[in-house]
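Structure record follows, encoded as structure tokens.
Nothing in this text is a laboratory measurement; each read-out follows from the coordinates by a stated rule. Just so it is clear, the structure is predicted and the values come from calculations on it, not from any experiment. Virtual Cβ from ideal backbone geometry, glycine too; neighbours counted across all protein chains shown.
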Amino acid sequence: NFSAPKKLPLTSAIQNRILARLPFTLTPSQEHVFREIVADLTAPHPMNRLLQGDVGSGKTAVAVAAMLLCVAHGAQAALLAPTEVLAEQHARVFSAMLANSRVKIGLLRGGEAQLYICDNNNSSAGQMRSMALTRDDFLQKLANGDLHIAIGTHALLEESVKFKRLSLMVVDEQHKFGVSQRHALRRKGVSPHVLVMTATPIPRTLTLTLYGDLDVSRISEPPPGRGEIITKWVKEAEREKAYRLIIDEARRGHVSYVVLPRINGEDVADID
């Protein structure tokens, strides 16, 4: 019975509270992107923005700042991740960033749920306390507004998941979700703001930016201390060269990942 606020202004007091929660200073590129998001959140219409940046560029920190702005206005925010591993990783990062705060974070993965809250009896530890929740408890806390930030997988899209006042939805690795899935989460609020994040824009994403109403923000520089990210495209004729590179890195004690479009013998006839 609550409408999403038309505007989520960033006052000096709120800004100071948000920056105090982040364990590091935002880079100029992160600050610029955050300002673009703030401008959208203070507009009379919902935000629909793509946040693009290489892995390790600091997209999550910007998303946390935007979600805290939402929470500061008494609303709820949600983050949708494509896998349980990534959802749990986000929950841990959020809990570390928001240690000693009053923000309550809920994690929903399939039938499992967890609650992250500040442990006032052990505040010096700099970590939130995690406790298991039943699915029913999670749903009740989300529906009555006792959870400020919900993080989860496709489980957040189920009909039984209801928010009291969802005002901002963040979709990580948005290229792994279809239009109907993002629409299902959007319907859980009244005109909620939408922020989608990706490190690998695909043709569909580029089409939305060119012909749709998806605005684009890009983090162009990594945080201090991060290594340089090099992206290379290797032709089919150089496949063996790529394999030799993987073997050489393994001999140096490094880890390599090979990402495939299908697993377990599924039909691959439709893969380009």
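R0 = 45 Å: FRET efficiency of residue 236 with residue 216, Cβ-based, nearest 0.05? All intermediate terms of the calculation are to be shown ahead of the outcome.
Numbers: r = 31 Å, r/R0 = 0.69.
Working from the Cβ atoms, E equals 0.90.
Listed values for segment 19-32 are Karplus-derived 3J(HN,Hα) couplings in whole Hz (6.51 cos²θ - 1.76 cosθ + 1.60, θ = phi - 60°), namely 5, 5, 7, 7, x, 8, 7, 5, 6, x, 5, 5, 4, 4, and x replaces Gly and Pro. If you take all other residues with their beta carbon under 9 Å from the beta carbon of residue 49, and give Lys and Arg +1 and Asp and Glu -1, the sum is -3.
Residues whose amide H lies under 5 Å from that of residue 150, counting only those 5 or more places away or on a different chain, are 77, 78, 79, 106; hydrogens are built 1.01 Å from N in the peptide plane.
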